[in-house]
Amino acid sequence: MHLYQVLKRPLTSEKTVNLKDQHQYVFEVDLRATKPLIKQAVEKAFNVQVLSVNVMRMPHKRRRYGRRIVYKPAWKKAVVTIPANQRIEMFEGV
């Protein structure tokens with residue numbers, strides 16, 4: 001897997017924006033991505049040093065449309081911690 005395919009999008013909710021004060025940033029990542037691969041992708045894409053990566057696999061969710069039952073697909077998110085003297089500019093001003 002290419003490094004630029006690992007990170008899908010940044011997650012910006014109220015909780016993830018508050019994590020920015022603790023120098024943690026949250027991304028939606030590919031389901032096949034591993035912690036070392038996520039670390040390499042963030043370091044290359046944003047030119048920062050990554051201290052730790054925590055990964056969570058979010059389960060699929062069931063939705064009903066009348067009688068039909070459909071499933072929203074499962075996805076994976078990663079919480080990336082960087083040093084206090086570095087920032088990811090994409091999250092500034094959110």
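The values are calculated or read from the model by the stated rules, or taken from the named source; none is laboratory data. All values derive from a computational prediction rather than experimental measurement. No Cβ is skipped: glycine too gets one built from the backbone with ideal geometry, and neighbour counts run over all protein chains shown.
Selection within segment 56-90: residues that are among the β-branched types (Val, Ile, Thr) and surrounded by 12 or more Cβ atoms within 10 Å (Cβ to Cβ). The member of this set that is modelled with the lowest pLDDT is Ile88. Within segment 1-55, if we keep just the residues that are in a strand (DSSP E or B) and among the hydroxyl-bearing types (Ser, Thr, Tyr), the residue that is surrounded by the most Cβ atoms within 10 Å (Cβ to Cβ) turns out to be Tyr25.
Per-residue answers, yes or no, for (1) within 17 Å of Gln5 (Cβ to Cβ); (2) not β-branched (Val, Ile, Thr):
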{"residue": "Lys20", "(1), (2)": "no, yes"}
{"residue": "His60", "(1), (2)": "no, yes"}
{"residue": "Val70", "(1), (2)": "no, no"}
{"residue": "Trp75", "(1), (2)": "yes, yes"}
{"residue": "Ala78", "(1), (2)": "yes, yes"}
{"residue": "Thr81", "(1), (2)": "no, no"}
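Selection of first residues in segment 5-17 that are more than 14 Å from Lys39 (Cα to Cα) and of second residues that are in a helix (DSSP H, G or I), restricted to Cβ pairs under 7 Å at least 6 apart or on distinct chains, gives the following pairs, ordered by first then second residue: Pro10/Met90; Pro10/Phe91. Among the residues of segment 36-94, the ones that are of a type in the set (Ser, Thr, Tyr) and under 17 Å from Leu19 (Cβ atoms) come to 2 in all.
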